[in-house]
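Peer 1: Take a look at this one; I'll ask things after.
The values are calculated or read from the model by the stated rules, or taken from the named source; none is laboratory data. Predicted, not measured: the structure shown is a model, and the values here were computed from it. Every residue, glycine as well, gets a Cβ built from its backbone with ideal geometry; the counts of neighbours run over all protein chains shown.
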Amino acid sequence: MHHQEGKQQDAPPVYTISQTSSTHDDSWKSQFPVYPVLIVAIIQLIFTILIFFLEIGSLSASSNSIFKPTGCGIWCSAIFLLAIIMTFIMVLRKDRSRQWSTYVLFAQILLIVFCLIIIGIDGNFVQTWNGLYNLSGFVNKYRIIQAQLAFAILMIKQKPVEMNKVISQFYVIGILTR
C-alpha cells in the first residue's frame, strides 16, 4: 500500500453569490426572446393609439349628456403607455435583468386589467344602447365605441398573454435556478 501524504484532493471550486447570479443573468439575457416581445409591444402601441383617438372621437361625436361619457379610453391609455414603454426598455436595453422583467410582467398584467375596464365600460354602452338610433349623433358614437371595444378585446386576445407567459417563464426559471 502506498500512502500519499501531503497531497490533498482537489476541492470543487467555490463560487460566491455574485459570481453565480452573474453567470445565470448572462444566460437568461442570451435566451430572452427579443423579437416576439418587441413585435407584441409594437402591436400594443398601435392599439393604444387607436383606443386613445377613438375615445377622443367618441367624446366629440355626441354632446348629448344621456350618454354619460367616461373618457376611459384616455385614462386607460396612460396605463397602457406605461406598460408599453417599460416593455420597450426591457427589450431594447442590453443590460436587461430578471428584476426588470418582473416589473414588466406586473405592468402587462395591469395593462390587461385596464383592458378589461375598457371592455366593461364600452360593452355596457353597446349593450345598453343597442338598436336605439333615434338620438342625434348616436350612430357615430355607437360605431366608435364598438371599434374601441374591438381594439381593447384584440389587445387582450393578441399576444400580451403570450408575452406574460414568456416573461413569467423566464422569471420562474430564474427563481428555480438560483
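Peer 1: Give the residue that is nearest to the chain's Cα centre (by Cα), with candidates limited to residues of segment 34-46 that are of a type outside the set (A, V, I, L, M) and surrounded by fewer than 22 Cβ atoms within 10 Å (Cβ to Cβ).
Peer 2: Pro36
Peer 1: Moving on to the next point. Test Ser62 against the criterion of being in contact with a Lys or Arg (Cβ under 8 Å, 6 or more places away or on another chain) and modelled with pLDDT under 75, and give yes or no.
Peer 2: Spelling it out, Ser62 is indeed in contact with a Lys or Arg (Cβ under 8 Å, 6 or more places away or on another chain) and modelled with pLDDT under 75.
Peer 1: On to the next question. Working only within segment 146-157, note down all residues that are modelled with pLDDT under 90 and within 14 Å of Cys72 (Cβ to Cβ).
Peer 2: Within segment 146-157, Met155 is the sole residue that qualifies.
Peer 1: State which residue pairs qualify: first residue closer than 12 Å to Phe32 by Cβ and at pLDDT 85 or above and inside segment 90-104, second residue part of a loop (DSSP other than H, G, I, E, B) and among the polar types (S, T, N, Q) in any location, beta carbons under 9 Å apart, and separation of 6 or more residues or different chains.
Peer 2: Close Cβ pairs (under 9 Å, with a partner that is part of a loop (DSSP other than H, G, I, E, B) and among the polar types (S, T, N, Q)) amount to Met90/Ser97.
Peer 1: Return the residue satisfying two criteria in turn: it lies in segment 53-111 and is aliphatic (A, V, I, L, M) and within 16 Å of Arg143 (Cα to Cα), and of such residues it is surrounded by the most Cβ atoms within 10 Å (Cβ to Cβ).
Peer 2: Ranking the candidates gives Leu54 first.
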